Amino acid sequence: MNFEFLSRTFLFQGTSPEETQHMLSCLNAEPKSYPKGSVICQVGDQMKAMGLVLSGSVHIESIDMMGNKTILNRIAPGQVFGETYACIPGEKLLVGVTAAEDCQILFLEVGKIFRTCPDTCPCHEKLIRNMLMVMAKKNLELSRRSLHTAPKSIRGRLISYFSQEMVQQGSSRFIIPFNRQELADYLGVDRSALSNELGKMRKEGMIEVNRNQIHYLEQED
């Protein structure tokens, strides 16, 4: 396992690779691999451990009774999922987790994060502080998606999402982590309607699109 990589994640920030390795034994860490498209967790499951993505990525999805899917978030390497549910014993998942590509997940027992281990690890306080930061960051991500789905029009949702990516990536040229269908699911719109709107925005000279690479073109007054 790459302890150097783990020590650079938000969860283990401020710890050395050696400290990270020691903490994993305290947290009953268990790595698992999943092929693309496989279900990692489904609605109704109860989570005793949260997942930390080591490689690949996963989608947090909401699927209604009619089978309509909405992508709520994409979890990339170094990020975690399921931490809120794992903190509440017996709480059933209202969302599903699917492998967006071949991935490896490290499952960690959340209960052991908030309980000092018998060895009284000096870095345990850092872990608790980092865990709170991770949970706050996830709340912000959910809030951002709410902002993107608030506009009634597809163009409004695209502009909201693209504006965020421009700010986060610091450039009018940016890469989004979704293909066309995934972007439609994330914004809660029909794929064909999304493609049509992107085509209109391109014809109007607002954007240039090359697969998942977007270039926002400055508009003249």
> So is Tyr34 closer than 30 Å to Arg191 by Cα and not acidic (Asp, Glu) or not?
Replying inline: yes
> Does any residue in the range 88-106 that is closer than 15 Å to Met47 by Cβ come within less than 6 Å, Cβ to Cβ, of a residue that is hydrophobic (A, V, I, L, M, F, W, C) and outside any strand (DSSP E or B) six or more places away or on a different chain, and which pairs are these?
Replying inline: Leu93/Val43; Gly96/Val43; Leu106/Ala29
> Counting just the residues of the range 46-55 that are of a type outside the set (Gly, Ala, Ser) and assigned to a strand (DSSP E or B), which one comes out surrounded by the most Cβ atoms within 10 Å (Cβ to Cβ)?
Replying inline: Leu52
>> Return the residues of the range 132-161 that are in contact with a Phe, Trp or Tyr (Cβ under 6 Å, 6 or more places away or on another chain) and of a type in the set (A, V, I, L, M, F, W, C); say none if nothing qualifies.
In response: Val134
>> For the range 56-68: of the residues being surrounded by fewer than 17 Cβ atoms within 10 Å (Cβ to Cβ) and of a type outside the set (Val, Ile, Thr), which is nearest to Pro31 (Cα to Cα)?
In response: Ser62
>> Being part of a helix (DSSP H, G or I) and touching a Lys or Arg at 6+ places or on another chain (Cβ under 6 Å) is the filter here; which residues of the range 196-215 pass it?
In response: Glu197
> If you scan the range 28-45, which residues turn out to be assigned to a loop (DSSP other than H, G, I, E, B) and touching a Phe, Trp or Tyr at 6+ places or on another chain (Cβ under 9 Å)?
Replying inline: Asn28, Ala29, Asp45
>> Quick check on the range 14-44: of everything there that is surrounded by 15 or more Cβ atoms within 10 Å (Cβ to Cβ) and in contact with a strand residue (DSSP E or B) (Cβ under 7 Å, 6 or more places away or on another chain), which residue is farthest from Gln181 (Cα to Cα)?
In response: Leu27
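Any read-out appearing in this document is the output of simple, stated calculations on the displayed coordinates, not a laboratory observation. Computed from a prediction, not measured in an experiment: that's the story for all the values here. All Cβ positions, glycine included, derive from the backbone under ideal geometry; neighbour counts span all protein chains shown.
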